[in-house]
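A.B. asks: Mind looking over this structure? Questions follow.
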Amino acid sequence: MPIANVPVTDTHVHFWDIERSDLYWMTPELADQLRPLRRSFGPDDLDPERRAVGVNRIVIVQAARSEWDHAWWFALAERYPWIVAVVGWVDLAASDVGERLDRYGAHPAFRGVRATAENELDPDWLVRPDVLRGIAAVAERGLTLDLLVRVEHLAHVPRLAERFPGLTMVVDHLAKPPIASGELGPWRDGLAALVPYPNVWCKLSGLLTEAGPQPTAETIRPVVEFALERFGPARLLWGSDWPVATLAADYRTTYQVYATLTAGLSEAERAAIFGGNAARVYRLSG
């Protein structure tokens, strides 16, 4: 299902070097579950897959926290013209957060950072005073803030949206709805509470890995349709979450699932989800 009149943009791709990247989330407790991911993944692995489905460009989103990783991602953006942006990571609670943002901001591919609330022990981490100061530094520089959150963190997002109305925020993976359990009520309430805030966007990504064994388009249809109903195509972006998504499906299948679930939309609406909105959120030219 080709997307007309827009460069198709995958807004959520991870690259890492298994020997050098700071893969803090690959904990011993998850060793068995994540074993297929314990190797390096780079542009040459993804290139044939993204070309096969007609993806024109991608956004690297952090899966590591080291200076080395950031330098590598920026070097990849210089080498591969289809890598058009990098969403990195900084310690939002650090006193030197502004200096780190300015250093990364010197590279033309840098578009923002990801707040990894999912990986913090404190469920209220997003609204701690020191973290709020870091988010203020992101907002002051006109950068985008991706949010790696789960249902329990969603209640904090309206507060952020009100405090930083000029800050573009993207809820990655629709806040990881508990699709496998089917207990979607709190997730629906939390996501719906974000609708009044025009600076909050949501990413259709990572849903197959939340859907239990052998997921299909029908498995995730209820959450995609809910997001479409509440946010509309104008505030949704598509991302593959490759290679994490390969725990559930390969790249081509992942793309086709989301293409199938949006097949009933108009050409303009699909163009927004698969490219136009990415250009706005991550300030992409062309």
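A.B. asks: Can you compute the charge dipole magnitude of the stretch 9-281 about its Cα centre, using +1 on each Lys and Arg Cβ and -1 on each Asp and Glu Cβ, nothing else charged? Give it in debye, rounded to the nearest 20.
C.D. replies: Values: 28 positive and 37 negative charges, 122 e Å.
Dipole size: approximately 580 debye.
A.B. asks: Looking at the chain as a GNM with Cα springs under 10 Å, which of Asp241, Asp122, Asp91 has the largest mean-square fluctuation?
C.D. replies: Top of the fluctuation ranking is Asp122.
A.B. asks: What is the distance in Å between the Cα centres of the stretch 211-268 and the stretch 127-175?
C.D. replies: Measuring centre to centre over Cα atoms gives 24 Å.
A.B. asks: Rounded to the nearest 500, what is the 222 nm mean residue ellipticity of the chain from helices alone, with -39500 (n - 2.57) per DSSP H run of 4+ residues and division by all residues?
C.D. replies: The helix-only estimate for the chain comes to -9500 deg cm²/dmol at 222 nm.
Rule-based calculations on the coordinates, nothing more; no lab input. None of these values were measured; they are calculated from a predicted model. Every residue, glycine as well, gets a Cβ built from its backbone with ideal geometry; the counts of neighbours run over all protein chains shown.
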